[in-house]
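What follows is a single structure, written as structure tokens, with notes after it.
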Amino acid sequence: LTQPVTPDLLVSPSSQDGDLGSECPEDRGNWTGRLDFLLSCIGYCVGLGNVWRFPYRAYTNGGGAFLVPYFIMLAICGIPIFFMELSLGQFSSLGPLAVWKISPLFKGVGMGTILIVSLVAIYYNMIIAYVLFYLFASLTSDLPWQHCGNWWNTDLCLDHHVIKAGNNSLPVNLSNTVSPSEEYWSRYVLHIQGSSGIGDPGRIRWNLCLCLLLSWTIVYLCILKGVKSSGKVVYFTATFPYLILVMLLIRGVTLEGAWKGIQFYLTPQFDHLLSSKVWIEAALQIFYSLGVGFGGLLTFASYNTFHQNIYRDTFIVTLGNAITSILAGFAIFSVLGYMSQELGVPVNQVAKAGPGLAFVVYPQAMTMLPLSPFWSFLFFFMLLTLGLDSQFAFMETIVTAVTDEFPYYLRPKKASFSAAICIALFLMGLILTTEGGMYWLVLLDDYSAGFGLMVVVITTCLVVTRVYGMKRFCRDIHMMLGFKPGPYFRACWMVLSPATMMALLVYNIVKYQPSEYGNYSFPTWAEVLGILMGVLSCLMIPMGMVVAVLQEEGTLWEVGVQQASRPAMDWGPSLEENRTGLYVGSLAGSQSPKPLMVHMRKYGGITSYENTAIEVDREMEEEDEEESM
């Protein structure tokens, strides 16, 4: 008996080989392993902020009581927007620019995203360069920031050994002294004394410049083949930090005085919950920690197969990220408790956030431990792996966004294009390697992803639910996952998430404070420059609207705006066999009028997803009949 021959008309170009792996567009590339996507998302979300921002935010905003607003904001803001981004990326298999085929009028949102991500990528890799610097400095028997008496130290330098000796004799006045680790950071690594401020960057620090070059080289080699290479690297960079974190945690809690730090970190102060600031801080921590709005989640999801269970992955990543932050707090504060006991000062005098914790306080604490170079190396290696996979996501977002816009020209030359982007961002980041580079880094950190990013997320939320339509978006998810999002997600997308984001945006504008670094206040021109960075990403939205309307024919409102706000003709799943209902035959050069027949040929019957497709089609037919009546 011969096998029945299927007419060519029923075969989509992507199903010629009959391989299940062809469910993703081959020319674009896709994840090669089952865990690639999940680990990439975990690596992207679990970054430096989990270690150096969350513990400090927790203790300054009510200790253990901070976990109440933290998890409430995770439920209202974090999980729903995270799931929305993944859904948009997976449904369309497009990057953060091309995905705006959903409503071409708002393509400027994608342009704003790319601008924000580019600015963040410049300074984030500089932080990785600092980490590499300290990592190499730890390869010694005696840490260079352990004692005073080096050429970079001043008369104010006082190390903890002297303080301990002083406890037996005269009390030492600590108010006018500086630790060796602080002088090592500011006077040796940054050499900030060579600059008088942001307008006087000084000379390039060539050791920092080489570290930045190495950092960009590592990033480029890891994203060389797109998600096929970065998807394998994250098996190490996303999992190894947990091993080191557990080691640091065990070492930390076994130190004398560790309980004092943990108590300080977790003692609940419920009166703080009445303050709006605490709730805003919790929302900000969730917002930046999960990386929503940067396009990384959307980009990663765009390389998934059409029916990947992103609903499950959303909860794994978001809850895993929250638990990691809490664990990191134990590892950090147990060591700070030991350090406060050694120095004989309260914990709040040694606790810091951001670079101050990573490059001053924690390195100083390492010098008090036996085998200090070993623990220092482990800590900075953990920071390196935490930072790298977040940087992979930023770069993949930029490269994917542009190559999806010009697939015929750039996809065959993706490696060369990635190299050009890395070189350009490295050159732009050279100012950060100067003696006044830290001032520029603070400016970028404060303004590049501030209110501009919130405007991008709010706009995305409103466009998907109001312009594209909640009913249609839920139907797309139904087609993709086999079920519709429940009332929890719909309520968050329609009201709770945008309202919370709006409150964040208003709070940020009302409580605006000029940037500062230590005792240095930034000049007015620098503040204006920073504000322009944020405003420019917002201006991309109206600029994109003007371009979209001008491309349409007819009168401005009746045809231009209305037509540009509707989804493009080829919007929908990227493969013909995944298109049902109104998406059938809408791809350019479509060969398959009935994708369901393709599935039946390919899989030998109707699967649960095909049943879902039939349900969706029937639902849409009934709605059309109701409208016509």
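The values are calculated or read from the model by the stated rules, or taken from the named source; none is laboratory data. Predicted model only: the values in this text are computed from it and were never measured. Cβ: placed from backbone, ideal geometry, glycine included. Neighbour counts: every protein chain shown. When the accessible area is computed, the model is the full protein with side chains, heavy atoms only, and any ligands, DNA or RNA have been set aside. Shrake-Rupley method; radii C 1.70, N 1.55, O 1.52, S 1.80 Å.
Using the alpha-carbon atoms, what tilt in degrees (0 to 90, nearest 10) does helix 310-343 show relative to the longest principal axis of the chain? The two axes meet at around 0 degrees. Taking each residue as 0.36 nm, the span from VAL547 to TRP206 lengthens on full extension beyond its C-alpha to C-alpha distance by 118.4 nm. As I understand it, the value is the acute angle between the Cα axis of helix 372-405 and the longest principal axis of the Cα atoms of the chain; what does it come to in degrees, rounded to 10? Between the helix axis and the principal axis of the chain, the angle is about 30 degrees.
The phi-based Karplus calculation (6.51 cos²θ - 1.76 cosθ + 1.60; θ = phi - 60°) puts the 3J(HN,Hα) values of the stretch 62-72 at x, x, x, 5, 4, 5, 5, x, 4, 6, 5 Hz, whole numbers, x for Gly and Pro. Annotation: per residue accessible area for the stretch 27-169 equals 30 Å², rounded to a whole number [probe 1.4 Å, protein chains only]. Restriction of the chymotrypsin sites (Phe, Trp or Tyr not before Pro) in the stretch 37-140 to DSSP coil positions whose beta-carbon has at most 12 other beta-carbons within 10 angstrom yields no sites.
Between the amide H of VAL178 and those of CYS157, LEU158, distances stay under 5 Å, these residues lying 5 or more places away or on another chain, with hydrogens modeled in the peptide plane. Taking amide H as placed 1.01 Å from N in the peptide plane, THR434 has its amide H under 5 Å from the amide H of ARG205, each at least 5 places away in sequence or on another chain. A simple rule links phi to the HN-Hα coupling: the Karplus curve 6.51 cos²θ - 1.76 cosθ + 1.60 with θ = phi - 60°, which for the stretch 83-95 gives 5, 4, 4, 4, 5, 4, x, 5, 5, 9, 6, 10, x Hz, with x for Gly and Pro.
Below 11 angstrom from the Cβ of THR403, what's the summed charge of the other residues (Lys, Arg +1; Asp, Glu -1)? Surrounding charge for THR403 is 0.
The C-alpha radius of gyration of the chain, expressed as a fraction of 2.2 N^0.38 Å, stands at 1.04. In whole Å, how far is the Cα centre of the stretch 433-489 from that of the stretch 323-343? Cα centroid to Cα centroid, the span is 33 Å. Counting only heavy atoms of the protein chains and using a 1.4 Å probe, SER276 has close to 80 Å² of accessible surface. With helices as the sole contributors, the chain gives -18500 deg cm²/dmol at 222 nm; each DSSP H run of n ≥ 4 counts as -39500 (n - 2.57), and the sum is divided by every residue. Using the Karplus relation 6.51 cos²θ - 1.76 cosθ + 1.60 with θ = phi - 60°, the per-residue 3J(HN,Hα) values for the stretch 563-568 come to 5, 5, 7, 7, x, 5 Hz, with x marking Gly and Pro. Taking every alpha-carbon pair under 8 Å whose residues sit at least 6 apart, the stretch 414-540 reaches a relative contact order of 36 percent. Keeping the other protein chains in place, figure out the carbon and sulfur percent of the accessible area of the chain, with a 1.4 Å probe. Ligands and nucleic acids excluded, carbon and sulfur reach 64 percent. Computed over protein heavy atoms with a 1.4 angstrom probe, the accessible surface ordering of HIS147, HIS191, largest first, is HIS147, HIS191.
Under a Cβ-Cβ cut-off of 14 Å, what is the net charge of the residues other than SER196 that fall near it, where Lys and Arg count +1 and Asp and Glu count -1? So the environment of SER196 carries a net charge of -1.
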